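All remarks here apply to the structure that follows.
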């Protein structure tokens with residue numbers, strides 16, 4: 001099972017159980033708080049899953065968060081560029097119609 005399938009399955013469970021309200025109410029770390037490097041990997045994984053699900057805005061935000069946490073995370077920069085290309089392609093297709 002891929003990580004994306006696991007995350008989607010978990011999200012469906014949380015939505016059905018009402019647990020998501022607890023997580024939505026949580027505030028992210030303040031900019032001045034130090035976040036662990038593992039948080040960059042988690043945000044990167046969320047971005048990859050969002051990209052596979054074609055949720056480009058969430059993917060872009062997740063990759064930006066990963067870069068904010070770890071400025072040397074080259075793969076997050078690459079994936080953020082991939083998101084930008086996908087958004088431009090989608091906009092170009094919409095413009096044709």
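For beta carbons closer than 9 Å, sequence separation of 6+ or different chains, a first residue in segment 54-78 that is at positive phi and a second that is surrounded by 15 or more Cβ atoms within 10 Å (Cβ to Cβ), the qualifying pairs are 54/86. The helices (runs of 4 or more DSSP H) found entirely in segment 1-91 that carry 2 or more residues being surrounded by 15 or more Cβ atoms within 10 Å (Cβ to Cβ), modelled with pLDDT under 85 and under 16 Å from the mean Cα position of the chain (by Cα) are 3-17.
The values are calculated or read from the model by the stated rules, or taken from the named source; none is laboratory data. As the structure is a prediction and not an experimental result, all values here were calculated from the model. Glycine also receives a Cβ, built like all others from the backbone with ideal geometry; neighbour counts cover every protein chain displayed.
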